[in-house]
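To start, the structure itself, in structure tokens.
The values are calculated or read from the model by the stated rules, or taken from the named source; none is laboratory data. Treat the numbers as computed from the prediction; the structure is a model and nothing was measured. Glycine gets a Cβ as well: all are built from the backbone with ideal geometry, and neighbour counts include every protein chain shown.
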């Protein structure tokens, strides 16, 4: 379910958080879906259980998941909303990219065409 | 809980451990790295009661370890140089361990010998080096002790076995809240499995930190400006390293990442790249600042 690259510069716990966010956005994880337990994920990825616990705690804090003691962790009903709000912040990044493209001589039409292509290929 | 208090140990005129203090909480996988002769093995031997420290104390769950069977009941130690009784088979060694450890788990022993594919009836002296190591690991994991120390144990295993042992350790930590100390001189061995890392150098504890903190509190910044500038422009940051070539500067900064990025952006740079450090980089810089070239080949020039 999750893939972790231990050689990456990005801390393992951030990688897990990111993947949960992505899977919520793409609909792979839906409201009420259960995440693997800390122990099973730790054994599966051979990653320290405390690291996984940290990721889950952070997801819980961000209200992406709800942890029920003795039952497990589940995707919350707010999850999409929470991740979506974060994604809006990415607009500033997009602005920056567009500016760079413009400086590099890419025309407005090309950029717009590209955007349309992306939308045509993604179901929204 | 493991408490080492101001431990000092020397052999004739060589100081192996100099005033080492550390506390290791339960459920922690504690990685220890250091150059050769840094004192890693000595430290583990003191913690497991093989050596008596010249000064200071080693406590396990509040019990002094040295010559204390009660404390030793809670510890298993896989040393770097393994010892098996002459001509012993795995079964025979297991009997020896079972006589010393009250909680020795025969069912687990059988399961593990099968998992590792070792014949418990064969003489261990005919095993290869890596198989001997596996045998020692099987015995250690079968004791069901709360504290497990592995001295460079992973270094001699092939990747498949290494992964298997890591999984087994993760399982014990998650299930039984075991505490594990692993030493190695290869950071890569420790990066994924440890949540705490310590760096020993010439008998002293140089660094002792949460892995997450190590990875997030320091980062590398590459920045370029249109106009001329030098280091004085970045006085507001806590810079540990600075190098400038032409209009591009590389630096290592300690501090809060988002805050720093915001400050840099406000300076209106042409280029701004902020990268987290790898553990290898963190340790290389730390060792260099101590005047020890940790493998200059690792010098990061990306």
Keeping to segment A:9-34, report how many residues are away from every other protein chain (no Cβ under 13 Å), in contact with a helix residue (DSSP H, G or I) (Cβ under 7 Å, 6 or more places away or on another chain) and closer than 18 Å to residue A:44 by Cα. 1
Counting only residues that are touching a strand residue (DSSP E or B) at 6+ places or on another chain (Cβ under 8 Å) and part of a helix (DSSP H, G or I), which one in segment B:140-164 is farthest from the other protein chains (Cβ to nearest Cβ)? B:140
Just to be sure before I move on: is residue B:62 over 30 Å from residue B:129 (Cα atoms) and away from every other protein chain (no Cβ under 14 Å) in the structure I sent? yes
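Of the residues that sit in segment B:77-111 and are in a helix (DSSP H, G or I) and either outside the structural domain of residue B:135 (by TED's automatic domain parsing) or in contact (Cβ under 8 Å) with a residue 40 or more places away in the chain (or both), which one is surrounded by the fewest Cβ atoms within 10 Å (Cβ to Cβ)?
B:97
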Scan segment A:46-74 for residues that are farther than 28 Å from residue B:25 by Cα and touching a strand residue (DSSP E or B) at 6+ places or on another chain (Cβ under 6 Å) and report the count. 1
Which of the following residues is over 30 Å from residue B:59 (Cβ atoms) and more than 14 Å from every other protein chain (Cβ to nearest Cβ): B:258, B:227? B:227
Condition check for residue B:135: crowded, with 23+ Cβ neighbours inside 10 Å and out of contact with any strand residue (DSSP E or B) (no Cβ under 9 Å at 6 or more places or on another chain): yes
Which one of the conditions (1) assigned by TED's automatic domain parsing to the domain that holds residue A:24; (2) at pLDDT below 90 does residue A:105 fail to meet, given that it meets all the rest? (1)
Among residues of segment B:270-290 being farther than 19 Å from residue B:212 by Cα and within 12 Å of chain A (Cβ to nearest Cβ), the residue surrounded by the most Cβ atoms within 10 Å (Cβ to Cβ) is B:272
Which one of these is in a helix (DSSP H, G or I), within 7 Å of chain B (Cβ to nearest Cβ), in contact with a helix residue (DSSP H, G or I) (Cβ under 8 Å, 6 or more places away or on another chain) and closer than 25 Å to residue B:26 by Cβ: A:6, A:43? A:43
Name the residue that is farthest from the other protein chains (Cβ to nearest Cβ), counting only residues in segment B:186-202 that are assigned to a loop (DSSP other than H, G, I, E, B) and under 15 Å from the mean Cα position of the chain (by Cα). B:186
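Only one of B:214, B:207, B:279, B:272 is within 22 Å of residue A:100 (Cβ to Cβ) and in contact with a helix residue (DSSP H, G or I) (Cβ under 7 Å, 6 or more places away or on another chain); which?
B:272
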Can you find a residue that is away from chain B (no Cβ under 14 Å), surrounded by fewer than 14 Cβ atoms within 10 Å (Cβ to Cβ), touching a residue at least 40 places away in the same chain (Cβ under 8 Å) and more than 30 Å from residue B:281 (Cβ to Cβ) anywhere in segment A:63-83? yes
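If a residue must be in a loop (DSSP other than H, G, I, E, B) and away from every other protein chain (no Cβ under 13 Å), how many such residues does segment B:165-185 contain? Talk me through it step by step, then tell me what you get.
Initially, segment B:165-185 is screened for residues in a loop (DSSP other than H, G, I, E, B), giving B:177-178, B:184-185.
Add one more test, that the residue is away from every other protein chain (no Cβ under 13 Å), and what stays is B:184-185.
Count: 2.
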Which ones in segment B:203-223 are surrounded by fewer than 18 Cβ atoms within 10 Å (Cβ to Cβ), touching a residue at least 24 places away in the same chain (Cβ under 8 Å) and facing chain A (nearest Cβ under 9 Å)? B:216
